[in-house]
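Colleague: I'd like to ask some things about the structure below.
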Amino acid sequence: MPVAWSFHYMHMVRIPAGFPPSGDDLATLGRMAGQVAAAFRSRLVAADFARGRDGRWWFVEAGPGSCAGTAHEMVFKAVARRLRGEIAELWPDVVGGPF
């Protein structure tokens, strides 16, 4: 079950064009992330997606979460809390939030 999303290049692009994703985009990304995660046995999976010029979202890559990082502190902490079995409250902003 997907927990959160974040824009990966926050350290390079302060205000990315097209973010935050629309509700429809988040629903699409959440569905795609769930499909990708189903191929793994890891409790934490990181999946990367990119929006094409045509507006569609494309799967780029995925792997166990241990190889991933996030520059979005609140997303990182919410995911860590969720992995510990705690309630992970997360409020959305322009570059990250819950699914």
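Colleague: Going by amide H atoms built from the backbone, whose H comes under 5 Å of the H on Leu44, apart from near neighbours?
Modeller: Result for Leu44 returns Gly65.
Colleague: Still on this model: Taking springs between alpha-carbon atoms closer than 10 angstrom, which of Arg82, Arg56, Arg31 fluctuates most in the Gaussian network model of the chain?
Modeller: Of the options given, Arg56 has the highest mean-square fluctuation.
Colleague: If contacts are Cα pairs under 8 angstrom and at least 6 residues apart, what is the relative contact order of the chain in percent?
Modeller: Working: 114 pairs, mean separation 39.4, N = 99.
RCO, the chain: 40 percent.
Colleague: Considering only the other residues whose Cβ falls under 14 Å of the Cβ of Tyr9, what net charge follows from Lys and Arg at +1 and Asp and Glu at -1?
Modeller: On the way: positive: Arg14, Arg51; negative: Asp48.
It works out to a net charge of +1.
Colleague: Over the Cα atoms of the chain, how large are the radius of gyration and the largest Cα-Cα distance (Dmax), in Å?
Modeller: Computed over the Cα atoms of the chain, radius of gyration and Dmax are 12.9, 39 Å.
Colleague: What is the magnitude of the charge dipole of the chain about its Cα centre, with +1 placed on the Cβ of each Lys and Arg, -1 on the Cβ of each Asp and Glu, and no other charges, expressed in debye to the nearest 20? Can you show the working numbers first?
Modeller: Details: 11 positive and 9 negative charges, 47 e Å.
The dipole of the chain has a size of about 220 debye.
Taken together, the values in this text are just the output of simple stated rules run on the coordinates, not laboratory data. Please read all numbers here as calculations on a predicted model, not as lab measurements. Cβ: placed from backbone, ideal geometry, glycine included. Neighbour counts: every protein chain shown.
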